[in-house]
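All remarks here apply to the structure that follows.
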Amino acid sequence: MLGISTGTVDRALHGKPDVSAATRARVLSTAEALGYRPNLAARYLQSRKQLRISVHLPRRIALFWDSLREGIREAAAPFAPALNVDFRTYPSLGDGDIPLFDESLHDGSNGLIIAPGNPASLAPHLREAARRQIPVVCVVTDAPEELRLASVSADPFTVGAVAGELLARFLSGGGEVAFFTGWLAVQDHADKLRGFESSLKTIGTALTVGPVVEAHDDEREGHRRALSVLREHPHLKGIYVSTVNSLPVLRAAEEAGRLSTLTVVTTDLFPELVEWIRAGKVAATVYQRPVNQGRLALQALYQFLLHGTRPASRLRVVPHLVMRSNLDLFLERLPVDLEPVSVPEGVERGAARRPAARAGKRASSGGARRPRGSERRA
């Protein structure tokens with residue numbers, strides 16, 4: 001269109017020397033008018049730069065973390081084989097992540113994606129990563145800002161505040177509600193509680209926070225503690241489960257014959273939860289969009305490693321609110337994969353080349369499932 005060489009266009013687009021200011025302005029203006037965007041995959045392959053990213057995420061609870069892994073796989077796939085992603089797993093948040101972190105500092109990894117369970121314990125290891133110039137991106141949970149490149153989350157305070165406002169409006173007559181979480185020592189979980197309590201105070205409702213239960217992302221513990229709470233609080237009006245560990249709480253409430261008198265708000269969306277929402281047993285669920293979180297984390301780290309482009313310190317994903325009234329429309333846009341996913345302990349190499357699961361295949365009752373392709377249109 002401009003009648004100039006490809007080389008001149010390249011120099012103008014990338015701020016290289018030997019091109020006049022007037023020509024650079026013409027090139028940039030025309031590129032913007034045409035909606036030109038570089039093909040990042042082609043640029044990556046052309047650079048011939050081999051990158052290795054190590055991803056450390058918990059196994060429990062797989063319903064959430066498998067979805068986040070899928071987002072990372074989707075974002076990494078166009079850059080294979082020049083980009084190698086190693087998925088490493090450990091039992092649960094804060095349990096076994098530090099040895100994996102230290103291993104990655106010495107195995108040639110160029111960057112890390114992690115979910116800090118105990119930021120204070122991890123801090124010395126993050127400092128060592130910074131000394132070695134290995135950037136770290138945190139997902140879901142966070143570490144001190146000066147020790148990592150970026151964090152990606154659904155803003156836990158906002159997630160908790162949305163749940164609090166929902167229950168306050170559902171239960172306008174007041175009463176007591178229970179808050180179920182994983183570990184309050186985890187900043188993400190503590191921030192949800194703060195947001196939940198803040199929302200109730202701001203609205204000025206007579207609704208009060210009663211029992212606050214740490215179930216440690218354990219299904220048996222969640223079920224046992226839910227039964228205990230229901231026995232000890234016969235007049236409980238509602239429950240907010242701030243992690244994906246909602247099924248044990250729902251089953252306990254149903255076993256106790258209390259579910260019909262409780263208003264329940266849960267977290268995230270997965271196949272087993274769909275029928276509880278459809279039946280009206282769950283009033284709403286706050287979907288944290290883990291696929292999108294994984295995708296953003298990989299893209300932010302990739303851009304920094306390849307081009308030195310520093311992302312925003314905090315990348316926030318806007319959560320989605322799913323209720324019975326919009327469930328079917330939501331599932332059309334966010335198809336839920338029913339095939340079980342098994343993530344082996346240790347290292348899963350070559351994950352970017354992992355074949356996609358077949359949507360619609362029925363899973364066994366005990367398998368881990370995940371939303372698939374969840375935010376492609378978001």
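The table below lists the values:
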| quantity | calculated |
| --- | --- |
| Of all residues making up the range 182-192, the number that are open to solvent by 20 Å² or more (accessible area, probe 1.4 Å) and touching a Gly at 6+ places or on another chain (Cβ under 8 Å) | 3 |
| Qualifying residue in the range 146-157 (condition: part of a loop (DSSP other than H, G, I, E, B) and out of contact with any Pro (no Cβ under 6 Å at 6 or more places or on another chain)) | yes |
| All positions within the range 66-101 that are open to solvent by 10 Å² or more (accessible area, probe 1.4 Å), under 21 Å from His189 (Cα atoms) and assigned to a helix (DSSP H, G or I) | Asp97, Ile98 |
| The range 303-314 residues that are within 19 Å of Ser109 (Cα to Cα), paired with ones that are part of a helix (DSSP H, G or I) and among the hydroxyl-bearing types (Ser, Thr, Tyr) (beta carbon under 6 Å, 6 or more apart) | none |
| Which numbered condition Phe157 misses (of (1) in contact with a Cys (Cβ under 8 Å, 6 or more places away or on another chain); (2) of a type outside the set (S, T, N, Q); (3) over 26 Å from Leu306 (Cβ atoms)) | (1) |
| Subset of the range 291-337 [within 23 Å of Val159 (Cβ to Cβ), among the basic types (Lys, Arg) and either open to solvent by 40 Å² or more (accessible area, probe 1.4 Å) or not in a helix (DSSP H, G or I) (or both)] | Arg314, Arg316, Arg324, Arg333 |
| All positions within the range 11-31 that are exposed (fewer than 13 other Cβ atoms within 10 Å of the Cβ), modelled with pLDDT of 85 or more and not hydrophobic (A, V, I, L, M, F, W, C) | Ser20, Ser29 |
| Sole residue being open to solvent by less than 20 Å² (accessible area, probe 1.4 Å) and either modelled with pLDDT of 95 or more or touching a Gly at 6+ places or on another chain (Cβ under 9 Å) (or both), chosen from Val162, Val137 | Val137 |
| Filter result for Ala283 (open to solvent by 10 Å² or more (accessible area, probe 1.4 Å), touching a residue at least 24 places away in the same chain (Cβ under 8 Å) and closer than 29 Å to Val152 by Cα) | yes |
| Residues that are open to solvent by 30 Å² or more (accessible area, probe 1.4 Å) and either in contact with an Asp or Glu (Cβ under 7 Å, 6 or more places away or on another chain) or touching a residue at least 12 places away in the same chain (Cβ under 8 Å) (or both), drawn from the range 104-116 | Asp107, Gly108, Asn110 |
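For every residue, the table says whether it meets (1) open to solvent by less than 20 Å² (accessible area, probe 1.4 Å); (2) in contact (Cβ under 8 Å) with a residue 40 or more places away in the chain; (3) in a loop (DSSP other than H, G, I, E, B).
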{"position": "Thr205", "(1), (2), (3)": "no, no, yes"}
{"position": "Val209", "(1), (2), (3)": "no, no, no"}
{"position": "Val213", "(1), (2), (3)": "yes, no, no"}
{"position": "His216", "(1), (2), (3)": "no, yes, yes"}
{"position": "Ala226", "(1), (2), (3)": "yes, yes, no"}
{"position": "Lys237", "(1), (2), (3)": "no, yes, no"}
{"position": "Val244", "(1), (2), (3)": "yes, yes, yes"}
{"position": "Ser260", "(1), (2), (3)": "no, no, no"}
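The values are calculated or read from the model by the stated rules, or taken from the named source; none is laboratory data. Note that the structure is a prediction, hence the values are computed from the model and not measured. Methodologically, a virtual Cβ is constructed for each residue, glycine included, from the backbone with ideal geometry; neighbour enumeration extends over all protein chains shown. The area values use the complete protein model at the heavy-atom level, side chains included, leaving out ligands, DNA and RNA. Shrake-Rupley method; radii C 1.70, N 1.55, O 1.52, S 1.80 Å.
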